[in-house]
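> Following this message is one structure expressed as structure tokens.
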Amino acid sequence: MTVSPAERDAMRRALALASTPGVPLGPNPRVGCVILSADGATLAEGFHRGAGTAHAEAAALNAAREQGIDVRGATAVVTLEPCNHTGRTGPCAQALIGAGVARVVFAQRDPNAEAAGGAATLRAAGVEVEAGLLADEALEVNRVWSFALTHQRPFVTWKLATTLDGRSAAADGTSRWISSRSARLDSHRLRALCDTMLVGTNTVAVDDPRLTVRDEHDRPLPVQPLRAVMGERDLDPASLIFDDAAPSLQLRTRDPQAALAELHRRERRHVFLEGGPTLAAAFLRAGLVDEIVVYLAPMLLGAGRNVVGDLGIGTIADAVHLEVSDVTVLPPEAGEDANVRLTLTRKV
């Protein structure tokens with residue numbers, strides 16, 4: 001790969017633009033673009049602000065046009081391969097060609113089969129193309145989106161709160177509070193990074209959760225994930241999950257693959273699995289849990305509800321092995337014990 005120091009710096013800036021706070025995490029990728037002159041000076045920049053808005057390349061070209069800047073012969077540095085299809089907006093590859101850009105440097109190849117091929121289109125039009133600059137960093141910006149497009153299903157995070165002996169509730173069914181307030185606030189932060197909350201019908205029937213995302217003052221956030229409930233049982237339409245606080249959907253199936261296929265069809269990219277032990281076991285048995293977030297409380301119950309149901313494992317040799325990717329101690333508030341947040345992925 002042949003890139004200049006100015007192009008490398010521009011890619012770092014484009015990655016920062018792509019990561020701008022407040023940009024929706026789905027259904028589209030987060031993308032940043034910086035346009036450089038022949039001598040490496042920044043002419044314009046832009047980023048994608050969400051579905052239906054201008055893509056990053058178009059935003060940067062529009063910014064240059066508004067300032068009366070001629071980008072003919074310039075280099076576009078972009079975090080994702082310019083798209084090659086017409087969706088809610090036009091193809092970015094053609095926009096760059098039409099603007100007279102002479103060179104394009106991009107980081108991550110587009111995993112979306114419908115949009116891929118922009119690099120070939122650019123080269124066919126005589127535009128010089130370099131691919132793969134800071135590709136790993138770009139992939140991390142769109143980790144979940146890339147997974148969903150590659151695997152044709154949403155990324156699944158299973159979140160649970162447990163005692164040291166693996167109990168999610170005491171023998172009498174009480175569970176408030178196993179987790180600390182700081183753990184619950186942290187959980188809401190993670191909820192806000194997903195576009196779908198998923199529970200089973202039994203959780204709705206027994207616990208009647210609202211499943212909204214709230215801030216530290218218990219106020220609902222302005223943008224809420226979809227609240228999905230999975231199962232064939234008829235539910236009370238007055239259940240809190242069906243109120244107008246956030247969009248809701250019942251997936252009338254017990255098959256995790258079918259549920260995820262329907263969510264993917266609806267352009268959902270990241271499922272936050274918060275159901276009970278039966279639903280968790282179903283997803284684990286199907287190999288459809290990609291990440292586990294555990295809030296571990298320093299307490300023992302000795303009896304009560306297990307955090308996960310029967311996985312069909314009869315011998316230690318068949319145990320599900322997990323890899324720890326993060327360990328964070330969440331500071332306690334007055335009168336509480338500190339919780340530990342573990343983030344794990346399944347070993348392949």
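> Quick check, is Arg346 basic (Lys, Arg) and surrounded by 18 or more Cβ atoms within 10 Å (Cβ to Cβ)?
Values: basic (Lys, Arg): yes; surrounded by 18 or more Cβ atoms within 10 Å (Cβ to Cβ): no.
Considered against the rule, which asks whether it is basic (Lys, Arg) and surrounded by 18 or more Cβ atoms within 10 Å (Cβ to Cβ), Arg346 comes out as no.
> If you scan the range 302-325, which residues turn out to be open to solvent by 70 Å² or more (accessible area, probe 1.4 Å), touching a strand residue (DSSP E or B) at 6+ places or on another chain (Cβ under 9 Å) and either under 25 Å from Ala171 (Cα atoms) or of a type in the set (Val, Ile, Thr) (or both)?
Arg305, Asn306, Val324
> List the number of the failed condition for Thr328; all other conditions in (1) modelled with pLDDT of 95 or more; (2) touching a Lys or Arg at 6+ places or on another chain (Cβ under 6 Å); (3) buried (at least 16 other Cβ atoms within 10 Å of the Cβ) hold.
All conditions pass for Thr328, except number (3).
> Do we have any residue at all in the range 171-191 that's farther than 22 Å from Val307 by Cα and of a type outside the set (Asp, Glu)?
Residues of the range 171-191 farther than 22 Å from Val307 by Cα: none.
No, the range 171-191 has no match at all.
> Out of Ala38, Ala59, Ala63, I need the residue that is at pLDDT below 95 and in contact with a Gly (Cβ under 7 Å, 6 or more places away or on another chain). Which one? Step through it out loud before you land on a result.
On the way: Ala59 fails: at pLDDT below 95; Ala63 fails: at pLDDT below 95.
Result: Ala38 is the single residue among Ala38, Ala59, Ala63 that is at pLDDT below 95 and in contact with a Gly (Cβ under 7 Å, 6 or more places away or on another chain).
> Among the residues in the range 285-301, are any surrounded by 13 or more Cβ atoms within 10 Å (Cβ to Cβ) and of a type in the set (Ser, Thr, Tyr)?
Scanning the range 285-301 turns up at least one residue that is surrounded by 13 or more Cβ atoms within 10 Å (Cβ to Cβ) and of a type in the set (Ser, Thr, Tyr).
> If you don't mind, another one. Taking the stated definitions as given, is Leu133 surrounded by 15 or more Cβ atoms within 10 Å (Cβ to Cβ) and either among the acidic types (Asp, Glu) or not in a loop (DSSP other than H, G, I, E, B) (or both)?
Details: surrounded by 15 or more Cβ atoms within 10 Å (Cβ to Cβ): yes; either among the acidic types (Asp, Glu) or not in a loop (DSSP other than H, G, I, E, B) (or both): no.
No, not satisfied.
> State yes or no: is Leu61 more than 22 Å from the chain's Cα centre (by Cα) and touching a residue at least 24 places away in the same chain (Cβ under 8 Å)? Before you say what the answer is, go through the steps one by one.
Details: more than 22 Å from the chain's Cα centre (by Cα): yes; touching a residue at least 24 places away in the same chain (Cβ under 8 Å): yes.
Considered against the rule, which asks whether it is more than 22 Å from the chain's Cα centre (by Cα) and touching a residue at least 24 places away in the same chain (Cβ under 8 Å), Leu61 comes out as yes.
> Can you give me the number of residues within the range 191-247 that are touching a strand residue (DSSP E or B) at 6+ places or on another chain (Cβ under 6 Å) and open to solvent by 60 Å² or more (accessible area, probe 1.4 Å)?
Of the residues in that region, 4 qualify.
> Note down all Cβ pairs under 7 Å where the first residue falls in the range 322-348 and is on the phi > 0 side of the Ramachandran plot, the second is open to solvent by less than 80 Å² (accessible area, probe 1.4 Å), and they're at least six residues apart or on different chains.
none
> For Ala205, are the conditions met, namely being touching a Ser or Thr at 6+ places or on another chain (Cβ under 6 Å) and either without any contact (Cβ under 8 Å) to a residue 60 or more places away in the chain or not basic (Lys, Arg) (or both)? Quick ask: steps written out before the conclusion?
Details: touching a Ser or Thr at 6+ places or on another chain (Cβ under 6 Å): no; either without any contact (Cβ under 8 Å) to a residue 60 or more places away in the chain or not basic (Lys, Arg) (or both): yes.
No; evaluated as a whole, the condition is false for this residue.
> Restricting attention to the range 265-274, does a residue exist that is in contact (Cβ under 8 Å) with a residue 12 or more places away in the chain, farther than 30 Å from Gly50 by Cα and either under 17 Å from the mean Cα position of the chain (by Cα) or open to solvent by less than 40 Å² (accessible area, probe 1.4 Å) (or both)?
Scanning the range 265-274 turns up no residue that is in contact (Cβ under 8 Å) with a residue 12 or more places away in the chain, farther than 30 Å from Gly50 by Cα and either under 17 Å from the mean Cα position of the chain (by Cα) or open to solvent by less than 40 Å² (accessible area, probe 1.4 Å) (or both).
> Next question. Looking only at the range 96-117, count every residue that is farther than 21 Å from Asp9 by Cβ, at pLDDT 95 or above and either among the small types (Gly, Ala, Ser) or in contact with a Lys or Arg (Cβ under 8 Å, 6 or more places away or on another chain) (or both) and tell me the total.
3
The values are calculated or read from the model by the stated rules, or taken from the named source; none is laboratory data. None of these values were measured; they are calculated from a predicted model. Because the Cβ atoms are built from the backbone with ideal geometry, glycine has one as well, and the counts that use them run over all protein chains shown. Note: areas computed on protein heavy atoms with side chains; ligands, DNA, RNA excluded. Shrake-Rupley method; radii C 1.70, N 1.55, O 1.52, S 1.80 Å.
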